[in-house]
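**Student:** Please see the structure below; I have some questions.
The values are calculated or read from the model by the stated rules, or taken from the named source; none is laboratory data. Being a predicted model, the structure only gives us computed values, none of them experimental. Heads up, the Cβs are rebuilt from the backbone with ideal geometry, glycines too, and the neighbour counts pull from every protein chain shown.
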Amino acid sequence: MSRNLILGTALSSLVLLAALISFVWTPYDHAALNIPDKLQAPDTRHWFGTDHFGRDMFSMIMVGARTSIAVALVAVGIGMALGVPLGLTAAAHKGSWLDEVIMRGNDLVFAFPSLVIAILITAVFGAGALNAIIAIGIFNIPVFARITRGAALTLWEREFILAARVSGKGAARISAEHILPNVANLLIVQGTIQFSLGILAEAGLSYVGLGAQPPTPSWGRMLADAQTMVSFAPHLALIPGLAIIVTVLGLNLLGDGLRDWLDPRIRVARA
Amino acid sequence: MRMRSVRTLASALALGASLLASQALAKSDITIAMQLEPPHLDPTSAAAQAIDSVVYTNIFEGLTRFMGDGSVAPGLAESWEISEDGTVYTFKLRDGVTFHDGTVMDAEDVKFSLDRARAEDSANAQKALFAGIETVEVVDPLTVRLTLAEPNGNLLFNLAWGDAVIVAPESIENIKTNPVGTGAFTFGNWVQGDSITLNRNPEYWGDQPVLETATFKFISDPTAAFAAMMAEDVDVFDNFPAPENLPQFEADPRFQVLVGSTEGETILSTNNQQPPFDDIRVRQALAHAIDRQAIIDGAMFGYGTPIGTHFAPHNPAYVDLTGNSAHDPEKAKALLAEAGLPEGFQTTLHLPPPSYARRGGEIIAAQLAEVGITAEIINVEWAQWLESVFKGKDFGLTIVSHTEPMDIGIYARPDYYFQYDSSDFQAVMAMLNSTTDPAERARLMGEAQRLISNDYVNGYLFQLAKLGVARAGVRGLWENAPTAAIDLSAISWDE
């Protein structure tokens with residue numbers, strides 16, 4: 001296992017663990033205001049200090065991890081659930097009108113700056129975690145569709161697919177039984193990268209006030225709230241900022257590490 | 001020897017030149033930042049406070065005017081006489097006043113302005129100010145007579161509003177983009193989205209202002225506001241949007257902080273017609289669930305005065321009714337149970353952009369949650385707020401600061417967005433409007449304050465503070481905001 005993979009796994013599981021533990025335990029109630037205790041710097045009582053309402057930042061970061069992960073996970077899920085079948089279909093019918101329709105539709109969605117459209121979607125349908133999920137999810141569809149189609153196309157040329165075709169299997173069945181398992185590695189790696197982009201997108205949307213609404217903590221909104229107070233309470237911005245960095249870095253390293261680990265060519269080269 | 005005298009001469013010249021330069025540098029321009037940009041520049045056809053901030057007394061003047069301390073002083077009317085029965089006001093206008101386009105300001109212009117404001121199809125945002133006026137007559141070019149249906153103790157106050165300024169028929173057409181008034185400053189230039197520049201009016205009838213030009217700059221983002229002020233890109237921030245930054249300005253010798261009062265009653269506005277808020281016990285429960293001091297400390301970093309009714313605490317007629325709605329979650333729970341809602345209920349809390357609303361809303365939602373009320377926070381922009389909350393009345397709760405002076409009269413309008421309909425209150429207001437005796441007026445105002453407090457119409461939070469920040473050398477700024485105005489004629493720089 002590479003260094004990337006180990007470090008990536010460690011950082012990602014740290015965040016995941018924080019999110020999971022937050023379901024059963026946080027040091028304080030993340031939503032409990034304690035105004036006389038506001039803007040405390042980190043100390044033994046409040047490990048990450050308190051925010052402008054006196055809420056415990058450590059608890060907020062833990063629950064915020066939950067929000068980030070939930071939004072990004074579901075968004076990537078939407079992208080995979082719709083994108084992968086589309087990509088498989090396009091590859092199976094390469095060159096047909098169906099392939100054209102699917103891929104040009106993908107190009108259309110791909111051409112839009114995703115965060116701008118996400119802002120549009122949440123502005124029209126209202127701010128909130130659900131709309132953020134949908135907005136981020138839509139832009140994951142073409143990513144998965146493309147990567148699936150690209151990988152599937154090369155597979156369709158291979159002899160074992162030919163064998164399957166000769167034995168009378170239809171395109172749909174071949175896609176599900178033979179193509180999909182062979183592109184799964186690729187999808188897992190891409191999913192990890194998209195997951196980290198989803199976390200960033202969620203933070204971005206929350207930062208402009210279009211993500212999860214208060215009192216649900218969100219890293220992006222914590223950053224936005226901290227903006228005018230950075231000069232006298234830097235921990236308000238540093239801590240959610242670091243949380244985002246750790247998560248995104250961890251997921252990217254994990255993605256890189258997984259790619260190296262799962263790719264047989266690289267594995268052979270190493271050995 | 002010769003060489004030396006030349007050198008002496010040269011240095012003397014240099015000294016002289018630098019003296020001249022320093023004199024020329026005695027600043028005569030100023031850049032004043034505001035958070036909101038006016039939609040246009042006609043104060044007689046819109047409610048936007050930003051319009052008045054730019055044009056009031058600077059470009060446009062009324063018959064009377066507000067001073068920085070809130071008192072009403074003569075404006076374009078030099079003096080006035082009131083008939084015995086209080087129904088006829090005869091205004092003597094100042095002689096030799098011209099509009100910025102050179103036309104003369106006379107009684108015809110006053111009649112035009114007032115008739116336009118109170119006309120059936122008038123777009124004036126405060127038509128109620130002119131309600132009792134029956135006729136406006138031109139007696140001679142410098143005398144105007146107003147006849148009222150019944151005595152109105154508020155008339156001189158009403159005429160001081162930005163909505164009652166004197167405009168000219170010659171220039172009314174383009175007033176929104178090219179305002180032509182009688183004030184000490186003329187309209188210069190408007191860079192949309194950035195700034196408006198005004199220039200000194202050399203033909204002004206009164207004392208010449210010290211400033212030659214003034215630029216109003218619009219900075220909506222609190223972080224950008226802080227940066228602009230710290231970099232001294234702007235000289236004054238009329239009402240600084242981030243109270244949390246004030247200690248930093250206070251600690252910095254380059255700046256002065258002016259904390260004053262505004263007419264902004266910040267309230268948890270409640271839809272009185274929407275169940276369960278149509279039940280007074282529920283509204284009372286709301287009032288007891290709220291901890292005002294926590295909101296002032298948490299949302300405004302301590303700036304603001306608690307209020308118990310819709311009235312400015314600095315007004316002599318103010319009655320302190322905060323005890324009527326003291327923070328008492330147990331009582332709130334009991335009241336909810338009594339109203340048949342022991343488990344609480346769900347509602348919406350619409351929050352416009354200012355931090356008093358957004359931060360205050362988060363605090364209030366948490367406080368309401370303690371008594372079992374779930375208030376779903378919905379952040380809205382101002383345009384959305386005006387459309388859905390103010391006009392559409394589609395809300396449960398909202399937080400807003402009502403910044404018009406002496407605006408308790410809105411409670412006598414059953415169609416106003418919080419929809420309070422009380423014949424008792426309407427009767428008191430009608431009585432107040434026709435009373436001129438100051439003692440009796442104060443008593444009626446007290447009565448009105450008690451009625452809305454006892455009916456728990458809205459959650460009364462705090463009086464918004466005016467948080468002015470300026471560079472140390474600026475003099476003559478209004479500390480308080482009796483109306484939205486930035487009176488440029490009083491502003492100067494220290495030598």
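**Student:** Condition first: assigned to a loop (DSSP other than H, G, I, E, B) and of a type in the set (Gly, Ala, Ser). Now tell me which residues in region A:21-35 satisfy that.
**Tutor:** In the first step, residues of region A:21-35 are kept if they are assigned to a loop (DSSP other than H, G, I, E, B); the result is A:25-34.
A:Ala31, A:Ala32 - these are the residues of region A:21-35 that are assigned to a loop (DSSP other than H, G, I, E, B) and of a type in the set (Gly, Ala, Ser).
**Student:** Another question about this same structure. With the requirement that a residue be more than 13 Å from A:Asp51 (Cβ to Cβ) and of a type in the set (Gly, Ala, Ser), what does region A:216-263 give you?
**Tutor:** Hits for region A:216-263 are A:Gly220, A:Ser231, A:Gly241, A:Ala243, A:Gly250, A:Gly255, A:Gly257.
**Student:** For region B:237-246, what are the residues that are outside any loop (DSSP other than H, G, I, E, B) and touching a residue at least 24 places away in the same chain (Cβ under 8 Å)?
**Tutor:** Pass one, region B:237-246, residues outside any loop (DSSP other than H, G, I, E, B): B:237, B:243-246.
If the condition is that a residue be outside any loop (DSSP other than H, G, I, E, B) and touching a residue at least 24 places away in the same chain (Cβ under 8 Å), then B:Phe237, B:Pro243, B:Glu244, B:Leu246 are the ones that fit.
**Student:** May I pose another question? Among the residues of region B:192-236, which ones are part of a strand (DSSP E or B), among the polar types (S, T, N, Q) and touching a Gly at 6+ places or on another chain (Cβ under 9 Å)? So that I can check it myself, show each step before the final result.
**Tutor:** Of region B:192-236, the ones part of a strand (DSSP E or B) are B:195-200, B:213-218, B:236.
Imposing the further condition that a residue be among the polar types (S, T, N, Q) reduces the set to B:195, B:197, B:199, B:213, B:215.
Of everything in region B:192-236, those that are part of a strand (DSSP E or B), among the polar types (S, T, N, Q) and touching a Gly at 6+ places or on another chain (Cβ under 9 Å) turn out to be B:Thr197, B:Asn199, B:Thr213, B:Thr215.
**Student:** I'd like the full set of residues that are of a type in the set (D, E, K, R), over 24 Å from B:Ala46 (Cα atoms) and within 28 Å of the chain's Cα centre (by Cα), limited to region B:56-91.
**Tutor:** Of everything in region B:56-91, those that are of a type in the set (D, E, K, R), over 24 Å from B:Ala46 (Cα atoms) and within 28 Å of the chain's Cα centre (by Cα) turn out to be B:Asp69, B:Glu78.
**Student:** Okay, moving on. When you go through A:Leu236, A:Leu258 one by one, which is the residue that is in contact (Cβ under 8 Å) with a residue 60 or more places away in the chain, within 14 Å of chain B (Cβ to nearest Cβ) and in a helix (DSSP H, G or I)? Don't jump to the end; show me each part of the working.
**Tutor:** Working: A:Leu258 fails: within 14 Å of chain B (Cβ to nearest Cβ).
Only one candidate passes the filter, namely A:Leu236.
**Student:** For a quick check of your reading: which helices (runs of 4 or more DSSP H) sit entirely within region A:67-174 and have at least 3 residues that are under 17 Å from A:Gln190 (Cα atoms)?
**Tutor:** On the way: elements: A:97-111, A:114-125, A:129-138, A:141-156, A:159-166, A:171-174.
By residue number, A:129-138, A:141-156.
**Student:** Another one. Quick check: anything in region B:368-375 buried (at least 23 other Cβ atoms within 10 Å of the Cβ) and either more than 14 Å from chain A (Cβ to nearest Cβ) or of a type in the set (Val, Ile, Thr) (or both)?
**Tutor:** Within region B:368-375, one or more residues are buried (at least 23 other Cβ atoms within 10 Å of the Cβ) and either more than 14 Å from chain A (Cβ to nearest Cβ) or of a type in the set (Val, Ile, Thr) (or both).
**Student:** Answer yes or no as to whether A:Pro181 is assigned to a helix (DSSP H, G or I) and free of Cβ contacts under 8 Å to residues at least 12 places away in the same chain.
**Tutor:** Values: assigned to a helix (DSSP H, G or I): yes; free of Cβ contacts under 8 Å to residues at least 12 places away in the same chain: yes.
So A:Pro181 passes the test.
**Student:** Among the residues that make up region B:409-421, is at least one of them part of a strand (DSSP E or B), away from chain A (no Cβ under 12 Å) and surrounded by fewer than 21 Cβ atoms within 10 Å (Cβ to Cβ)? Steps first, answer last, please.
**Tutor:** First, pick out the residues of region B:409-421 that are part of a strand (DSSP E or B): none.
No, the conditions are met nowhere in region B:409-421.
**Student:** Another question, then. Please work out which residue is nearest to the other protein chains (Cβ to nearest Cβ), limiting yourself to region A:36-57 and to residues that are assigned to a loop (DSSP other than H, G, I, E, B) and aliphatic (A, V, I, L, M).
**Tutor:** Initial filter on region A:36-57 (assigned to a loop (DSSP other than H, G, I, E, B)): A:38-49, A:51-55.
Next cut, aliphatic (A, V, I, L, M) only: A:39, A:41.
Details: A:Leu39: 9, A:Ala41: 15 Å.
By that ranking, first place goes to A:Leu39.
**Student:** Considering only residues of region B:256-304 that are touching a Lys or Arg at 6+ places or on another chain (Cβ under 7 Å) and assigned to a helix (DSSP H, G or I), which is nearest to the other protein chains (Cβ to nearest Cβ)?
**Tutor:** B:Gly298
**Student:** Among the candidates A:Pro217, A:Pro234, which residue alone is surrounded by 22 or more Cβ atoms within 10 Å (Cβ to Cβ) and farther than 23 Å from A:Asn4 by Cα? So that I can check it myself, show each step before the final result.
**Tutor:** On the way: A:Pro234 fails: surrounded by 22 or more Cβ atoms within 10 Å (Cβ to Cβ).
Residue meeting the stated conditions: A:Pro217.
**Student:** Just wondering, is there one or more residues in region B:50-63 that are under 21 Å from B:Arg118 (Cα atoms), modelled with pLDDT of 90 or more and surrounded by fewer than 22 Cβ atoms within 10 Å (Cβ to Cβ)?
**Tutor:** Within region B:50-63, not a single residue is under 21 Å from B:Arg118 (Cα atoms), modelled with pLDDT of 90 or more and surrounded by fewer than 22 Cβ atoms within 10 Å (Cβ to Cβ).
**Student:** Shifting gears a bit: When region A:4-33 is examined, which residues are found to be within 14 Å of chain B (Cβ to nearest Cβ) and buried (at least 17 other Cβ atoms within 10 Å of the Cβ)?
**Tutor:** Here is the first cut: in region A:4-33, the residues within 14 Å of chain B (Cβ to nearest Cβ) are A:28-33.
The answer is A:Tyr28, A:His30, A:Ala31, A:Leu33.
**Student:** In addition: I need the full set of residues from region A:112-148 which are more than 18 Å from A:Val76 (Cβ to Cβ) and either modelled with pLDDT of 90 or more or among the aliphatic types (A, V, I, L, M) (or both), in order please.
**Tutor:** A:Val116, A:Ile119, A:Leu120, A:Ala123, A:Val124, A:Ala127
**Student:** State all residues of region B:422-465 that are farther than 30 Å from B:Thr87 by Cβ and of a type in the set (A, V, I, L, M); if no residue qualifies, say none.
**Tutor:** Passing the criteria: B:Val457, B:Leu461, B:Leu464, B:Ala465.
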